[in-house]
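This report concerns only the one structure given below.
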Amino acid sequence: MPRIALTATADERTRTGIVHRLDLGEARQFIAGFDRPNIRYRIALKHNARQQLLRFLKDEHPEDAGIIYCLSRKKTEETAYWLQEQGFKALPYHAGLNSETRADHQSRFLREEGVIVVATIAFGMGIDKPDVRFVAHLDLPKTVESYYQETGRGGRDGEPTDAWMIYGLQDVIKLRQMMEGSDGSEEHKRAEQHRLNAMLGLCEITSCRRQVLLNYFGDDLPEPCGNCDNCLEPVDTWDGTEAAQMALSAVYRTGQRFGVKHVVDVLLGAETDKISQYGHDQLPTYGIGKSLDNNQWSSVFRQLVARGYLCVDMERFGAMRLEEKCRPLLRGEEPIELRRDIKKKEAKRLTKTYLPEDMDTALWEALRECRRELADEQGIPPYIIFHDRTLQEMCVTVPQTLEQFGQLGGVGERKLDKYGPAFLQVINEYLA
């Protein structure tokens, strides 16, 4: 039997090198891409992590199996026990637990329905549970490679799956502090810093996340995916050039010795003992940023750090420092568009499903009710029947025959026979 080489997408030179090193000779090569189209990538700012997680689980995955990744062992246990109090079947998993407990929790996750594992990166290798419906990150992963690998543990059955993550500036500071305190060489630390910057870039990007993710691995997606948060809910941006220049100038004027809070206080013209002590109320940048509030300035600094215009100096207690990249921006030689963060009050009012303005919402609700009734009868989550995007396509194309219904995305032969008549009845009754 001829040997077979299985390689992921890579350029010809890389594939040739793999074949040569493994001495695979003329073995056949099966080349696959990195894209997992059934995974919906969603990344948001961290406001109240537990409440954000609770809303996500209750609204979208109340009875589903999933994995929640945390950065520390302590946080995995605290989160798991808190979720148990909220009525979820959640179990902690980290390297600090004894082997019997880890084995038991892993076995329950694989064997039982609806188990959520709250884990550090110690969990996941060799786990092949096909129906993991969500992978959530409560902390920022260190690298894009880690993020891709961890989110890839969801949806191995090909069904719709959520890759959901929340992050904040404190995550960045914590990770950079860990890097600075490691025993690795300077070269290793620089490489890790580069990977973290790439991860931050994925978080802050305002275009299709899947395109950026695949491009990182040398894969190409010509058109936006239509299945990430930036595609489904286009990001609102604003011209942040002047604000960014103020922020960079304030960091420079204060000697690149202070953290975000103090620099923001200077921009807002706050009257604090620290500002008086260092004479920062005499600086040209003192009070020039009153057009933005404290949260908006925090957003500006977070995005400047994420995009590599500023860095956090952990050896100087989190002081902000200018990076070489900031010079053209500071001189007014290039503009910058910043993401407009959703205020907390606005976020509560937003529904979790984005609907185009021209969509018939009455038909949408009728189809959702049909899906809910079928799901209740069978005791399964609604998305198992049809995902939201399939219902949206029904609203747009309005199929009226089984043949037309079978052309919808997400409708295979089995689902066409099983659910087609019920949904067509709803559509035709609505049209009548």
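The values are calculated or read from the model by the stated rules, or taken from the named source; none is laboratory data. These numbers come from a predicted model, not from an experiment. Cβ: placed from backbone, ideal geometry, glycine included. Neighbour counts: every protein chain shown.
Figures for the structure shown
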{"quantity": "From D229, D219, D239, residue being acidic (D, E), in contact (Cβ under 8 Å) with a residue 60 or more places away in the chain and in contact with a Pro (Cβ under 8 Å, 6 or more places away or on another chain)", "calculated": "D239"}
{"quantity": "Boolean, Q400 is at negative phi and outside any helix (DSSP H, G or I)", "calculated": "yes"}
{"quantity": "Residue match in region 38-48 (condition: over 23 Å from V144 (Cβ atoms) and modelled with pLDDT under 85)", "calculated": "yes"}
{"quantity": "In region 319-341, the residues that are within 24 Å of Q170 (Cβ to Cβ) and free of Cβ contacts under 8 Å to residues at least 40 places away in the same chain", "calculated": "E323, K325"}
{"quantity": "Filter result for V132 (within 24 Å of A375 (Cβ to Cβ), assigned by TED's automatic domain parsing to the domain that holds D171 and more than 20 Å from the chain's Cα centre (by Cα))", "calculated": "no"}
{"quantity": "Only listed residue being assigned by TED's automatic domain parsing to the domain that holds Y216 and under 23 Å from L202 (Cα atoms), chosen from G158, G154", "calculated": "G154"}
{"quantity": "Residue check for G124: touching a residue at least 12 places away in the same chain (Cβ under 8 Å) and on the phi > 0 side of the Ramachandran plot", "calculated": "yes"}
{"quantity": "Considering residues of region 394-409 that are under 30 Å from the mean Cα position of the chain (by Cα) and surrounded by fewer than 17 Cβ atoms within 10 Å (Cβ to Cβ) only, the residue nearest to L374 (Cα to Cα)", "calculated": "G409"}
{"quantity": "Single match in R50, R55, R73 (criterion: free of Cβ contacts under 8 Å to residues at least 24 places away in the same chain, of a type outside the set (D, E) and surrounded by fewer than 18 Cβ atoms within 10 Å (Cβ to Cβ))", "calculated": "R55"}
{"quantity": "N230 vs. criteria crowded, with 21+ Cβ neighbours inside 10 Å, within 19 Å of the chain's Cα centre (by Cα) and assigned to a helix (DSSP H, G or I)", "calculated": "yes"}
{"quantity": "Residues that are more than 12 Å from V117 (Cα to Cα) and free of Cβ contacts under 8 Å to residues at least 12 places away in the same chain, drawn from region 76-96", "calculated": "E78, E85, G87"}
{"quantity": "Residue count, region 230-282 (criterion: in contact with a strand residue (DSSP E or B) (Cβ under 7 Å, 6 or more places away or on another chain) and among the acidic types (D, E))", "calculated": "1"}
{"quantity": "Looking only at region 306-335, and only at residues there that are touching a strand residue (DSSP E or B) at 6+ places or on another chain (Cβ under 8 Å) and assigned to a loop (DSSP other than H, G, I, E, B), the one that is modelled with the lowest pLDDT", "calculated": "G318"}
{"quantity": "Residue count for region 126-178, restricted to those that are of a type in the set (V, I, T) and out of contact with any strand residue (DSSP E or B) (no Cβ under 9 Å at 6 or more places or on another chain)", "calculated": "2"}
{"quantity": "Of the criteria (1) modelled with pLDDT of 65 or more; (2) surrounded by fewer than 14 Cβ atoms within 10 Å (Cβ to Cβ), which one R368 fails", "calculated": "(2)"}
{"quantity": "Single residue of region 199-256 satisfying the filter (polar (S, T, N, Q) and touching a Ser or Thr at 6+ places or on another chain (Cβ under 7 Å)) that is modelled with the lowest pLDDT", "calculated": "T206"}
{"quantity": "Positions within region 131-169 being part of a helix (DSSP H, G or I), without any contact (Cβ under 8 Å) to a residue 60 or more places away in the chain and among the polar types (S, T, N, Q), in sequence order", "calculated": "S146, Q149"}
{"quantity": "T237 more than 21 Å from the chain's Cα centre (by Cα) and of a type in the set (V, I, T)", "calculated": "no"}
